[in-house]
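Here's the structure we're looking at; comments come further down.
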Amino acid sequence: MTSTKNLILGAGLAGLSAAASLPRDETLVLEREAEVGGLCRSRMVDGFTFDCTGHLLHLRDPEIREMVHSMLPRTFQSVERRSLIYSKGVYTGYPFQANTHGLPPEVVRECVVGFVESLLRRQGEGAAPAENFHDWVLDTFGPGIARHFMFPYNEKLYQVRPTEMECGWVSWSIPRPSLDEVIRGSLGLEVKGLGYNPRFLYPHQGGIHVIPRALQTRCGEIRLGAAVRSVDLTARRVNLESGETVSYERLISTLPLDGFLDRLDPLPEPTLGKARGRLRAVRVVNFNLGVDREGVLRGHWVYFPEAEFPFYRVGSPTNYSSGVAPKGCSSLYVEVARRREDPVDFAALEAEVLEALQRVGILRASDRIVAQEMILLEPAYVIYDHFRRQALPSIHRILERYGVVSTGRFGSWEYGSMESALRQGRDAARRLAEGEKRAAGGRRG
């Protein structure tokens, strides 16, 4: 049996950030895959560098910014976002709610009038907070923007009805333009800079995997190919698929929370058992394509709210980095969301995606696909449903009583950026250290 003071499950950004913040000789990281990085891994395919969909870095936390730039000086370029929406047969700027010019006049009128009416209603009535995402969208943007973008796009991404989702997640993720911005955007005066990612960082050369690979050098022991079979919280032991057992004093788990709960054996408290199978997320089928033509996509990425297209987003890394593809070529990532319980015919879906890319004019019949791969991300996006909001605080409190911090994008069971994963890992390590200090103070007393 292996013993360690600090055990970390998962070597994605959160797990690596936590390990880099703890003493090397007291920390062990277990990773199921053959390399570190989690969703921030990159792959080389026939001369193309493909990430797991679009992974772009936004740095606001001064400490995280200093850590990244000290690890990787002069590695990143700063890029102004160019994202678009394709609907009604035309491209409009992002976000939809502030850039309706170019859409059919009746659609523009419906969106602007609905926004104004919702604004007047909020000012006049002092409406109570919305209880679900559906009502929040109508209260905030009005029925036009809801019908033409917010509802179809989010149903396509999350695969549930808007009424099934709560709205505690919208404050930072969905831009809320002013009336002036909505009017200007309807008149063709493009509104830029809204949202949490108006600029982003990306490596000059190679893919986003440079970040986890640099973090790896700051960590202690990392065991690759170490898949977790079960976790005994009471005995503080982790059993691996290999048959090995690892005992620990303190545990940081960055595994998807639903999978972590499934691995608890024995189950220490009924509340954790009741959450099994009830934390929901979608999976994403990501098609990476290398095309023998430059400039196949307008902008860095494009959102597709309409049901006639199987994908909800298409991006082109070669539009923000010249170091990810051979000269004269373009790369695409194409994202399709599916319910985790639904079967997927990957070959049929691929054919549907390629046909839709041609139909919308991104690909031409004469284009050659010179590199291609499919990646299944599961889970990919957490569904912020009402059960999650009710159950999550209790789950985390119980786990912490057993010496477990469940963190990172999927350990926390939330949507988050790369920076938030780095910050969560750092903060989890600090919580362990603070807990040790409190325990030491209690023993001295």
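In table form, for the structure just shown:
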item	result
Options Pro317, Pro310, Pro343; residue that is within 22 Å of the chain's Cα centre (by Cα) and within 19 Å of Glu378 (Cα to Cα)	Pro310
Enumeration of residues in the range 85-130 that are within 22 Å of Asp180 (Cα to Cα) and either among the β-branched types (Val, Ile, Thr) or in the same structural domain as Arg313 (by TED's automatic domain parsing) (or both)	Ile85, Thr92, Thr100, Val107, Val108, Val112, Val113, Val116
Residue in the range 374-385 that is under 20 Å from Val284 (Cα atoms), under 20 Å from the mean Cα position of the chain (by Cα) and assigned to a loop (DSSP other than H, G, I, E, B) present	yes
Residues satisfying the stated conditions in the range 18-46, i.e. touching a Ser or Thr at 6+ places or on another chain (Cβ under 6 Å) and under 15 Å from Ala214 (Cβ atoms)	Ala19, Ser42
Pairs, first more than 21 Å from Ala98 (Cβ to Cβ) in the range 139-165, second buried (at least 19 other Cβ atoms within 10 Å of the Cβ) and of a type in the set (A, V, I, L, M), C-beta under 7 Å, six or more apart	Tyr158/Met165; Tyr158/Val282; Tyr158/Ile383; Gln159/Val282; Gln159/Ala337; Val160/Ile383; Met165/Ile383
The range 197-207, residues that are in a loop (DSSP other than H, G, I, E, B) and buried (at least 20 other Cβ atoms within 10 Å of the Cβ)	Gly207
Tally, over the range 209-231, of residues that are more than 25 Å from the chain's Cα centre (by Cα) and hydroxyl-bearing (Ser, Thr, Tyr)	1
Out of Arg364, Arg426, Arg340, sole residue that is basic (Lys, Arg) and in the same structural domain as Leu255 (by TED's automatic domain parsing)	Arg426
Tally, over the range 119-141, of residues that are farther than 27 Å from Val382 by Cβ and either in contact with a His (Cβ under 9 Å, 6 or more places away or on another chain) or not in a helix (DSSP H, G or I) (or both)	2
Those strands (runs of 3 or more DSSP E) lying entirely in the range 1-118 with at least 2 residues more than 30 Å from Phe141 (Cα to Cα)	2-9, 27-31, 42-45, 48-51, 76-80
Criterion violated by Ala214 - all others in (1) under 30 Å from Arg397 (Cβ atoms); (2) in contact (Cβ under 8 Å) with a residue 60 or more places away in the chain satisfied	(1)
Residue satisfying all of: in the range 1-38; acidic (Asp, Glu) and either outside the structural domain of Leu233 (by TED's automatic domain parsing) or closer than 12 Å to Glu221 by Cβ (or both); surrounded by the fewest Cβ atoms within 10 Å (Cβ to Cβ) among these	Asp25
Count of the range 46-63 residues which are surrounded by 15 or more Cβ atoms within 10 Å (Cβ to Cβ), within 23 Å of Glu35 (Cα to Cα) and either at pLDDT 95 or above or not hydroxyl-bearing (Ser, Thr, Tyr) (or both)	9
Which numbered condition Gln424 misses (of (1) surrounded by fewer than 16 Cβ atoms within 10 Å (Cβ to Cβ); (2) not in a strand (DSSP E or B))	(1)
Qualifying residue in the range 187-196 (condition: surrounded by 13 or more Cβ atoms within 10 Å (Cβ to Cβ), touching a Phe, Trp or Tyr at 6+ places or on another chain (Cβ under 8 Å) and modelled with pLDDT of 95 or more)	no
Pairs with Cβ under 6 Å, 6+ apart, first in the range 338-353 and touching a residue at least 40 places away in the same chain (Cβ under 8 Å), second surrounded by 13 or more Cβ atoms within 10 Å (Cβ to Cβ) and of a type in the set (A, V, I, L, M, F, W, C)	Arg338/Val344; Val353/Phe287; Val353/Val334
Pair list, Cβ under 7 Å, 6 or more apart: the range 166-179 residue under 17 Å from His134 (Cβ atoms), other residue part of a loop (DSSP other than H, G, I, E, B) and modelled with pLDDT of 85 or more	Glu166/Asn132; Glu166/Tyr384; Cys167/Ala130; Cys167/Asn132; Gly168/Tyr384; Trp169/Tyr384; Trp169/Tyr415; Ser173/Tyr415
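The values are calculated or read from the model by the stated rules, or taken from the named source; none is laboratory data. Please read all numbers here as calculations on a predicted model, not as lab measurements. Quick reminder, even Gly has a Cβ in these numbers, built from the backbone with ideal geometry, and neighbours come from all protein chains shown.
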